[in-house]
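A quick write-up on the structure given underneath.
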Amino acid sequence: MSSPMRLLGLALIATGLLILLLGGLWLAVQTVEQGGKLSTAVFGLALIAVLLTLPCLIIGVLLLRHGQAQDRDLLQVEQEKRLLTAVLTRGEVSISDLSIEMDQPREQIQDYVYDLVGKGLFTGYVDWKRGVLYAREVADMPQNACPSCGGPRGLVGKGVVRCEYCGAETFL
């Protein structure tokens with residue numbers, strides 16, 4: 001689905017080009033019918049291009065690019081929502097299964113997980129070696145031990161602790 005900004009941008013670009021075409025045709029007809037000078041027609045076409053067409057094209061391109069960025073952001077939100085729903089409903093899910101279901105590479109799944117953690121929408125842990133993502137409530141997890149192997153954990157980032165032994169990351 002295209003965003004309204006993107007559609008408005010395309011409409012403005014089309015309008016700008018249409019103004020240039022119709023203005024050029026009108027000037028050509030007037031020059032031929034009234035025997036005007038070619039320099040006057042060229043000057044008129046330049047005015048139409050600079051005063052009417054160019055602003056439409058510039059604003060249209062800016063709106064088109066903004067709309068495309070919005071579409072990308074919405075797609076990412078939808079993908080993250082799919083990932084979060086899959087993990088929360090199953091409790092644990094293989095990263096490779098998520099990768100296949102979502103048609104995304106493993107690295108992208110990892111980026112989605114970190115983004116969800118950063119937004120405070122997901123708590124749980126990941127065993128990167130086994131490739132499994134676990135949804136757990138913080139209260140259910142051992143406070144000082146890795147939920148995967150029982151080893152000590154250390155803080156490695158905002159809301160992220162990593163086991164020193166198995167490398168499992170817990171998201172708080």
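Read the figures in this text as sums done on the coordinates, not as results from a lab. Not measured: the values here are computed from a predicted model. As a convention, Cβ positions derive from the backbone with ideal geometry for all residues, glycine included, and neighbour counts pool all protein chains shown.
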Of the listed values (1) 50; (2) 62; (3) 66, grab the one calculated as percent of Cα pairs over 20 Å apart from the structure here. (3)
Can you compute the charge dipole magnitude of the stretch 4-78 about its Cα centre, using +1 on each Lys and Arg Cβ and -1 on each Asp and Glu Cβ, nothing else charged? Give it in debye, rounded to the nearest 20. 160
Would you please state which residues of the stretch 1-25 a label at GLN68 would reach in this model, taking the label point 7 Å out along Cα→Cβ and a backbone N cut-off of under 17 Å? 1-14
The relative contact order of the stretch 1-77, taking Cα pairs under 8 Å that sit 6 or more residues apart, comes to a percentage of 57
Highest GNM mean-square fluctuation among VAL32, VAL117, VAL132, for the chain with Cα springs under 10 Å, belongs to VAL32
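Fewest Cβ neighbours within 10 Å first, please rank SER39, SER96, SER3 accordingly. Intermediate results must be reported in sequence, preceding the final value.
Working: SER39 9, SER96 12, SER3 18.
Placing the least packed residue first, the sequence is SER39, SER96, SER3.
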With a sphere of radius 13 Å drawn around the Cβ of PRO152, what net charge do the other residues whose Cβ falls strictly inside it have (Lys, Arg +1; Asp, Glu -1)? +1
Once Lys and Arg get +1 and Asp and Glu get -1 on their Cβ, which of VAL113, VAL161, ILE95 lies farthest toward the positive end of the dipole of the stretch 92-171? VAL161
What nm distance separates the two modelled labels at GLU78 and CYS149, each placed 7 Å from Cα along Cα→Cβ? 4.0
Applying the span-like rule to the chain (DSSP H, Cα extent along axis at least 27 Å, Kyte-Doolittle mean at least -1.0) gives 4-34, 54-90
With +1 assigned to the C-beta of every Lys and Arg and -1 to the C-beta of every Asp and Glu, and no other charges, what is the dipole magnitude of the chain about the Cα centre in debye, to the nearest 20? 340
Compute the Rg/Rh shape ratio of the stretch 4-78: radius of gyration over Kirkwood radius, all on alpha-carbon atoms. 1.26
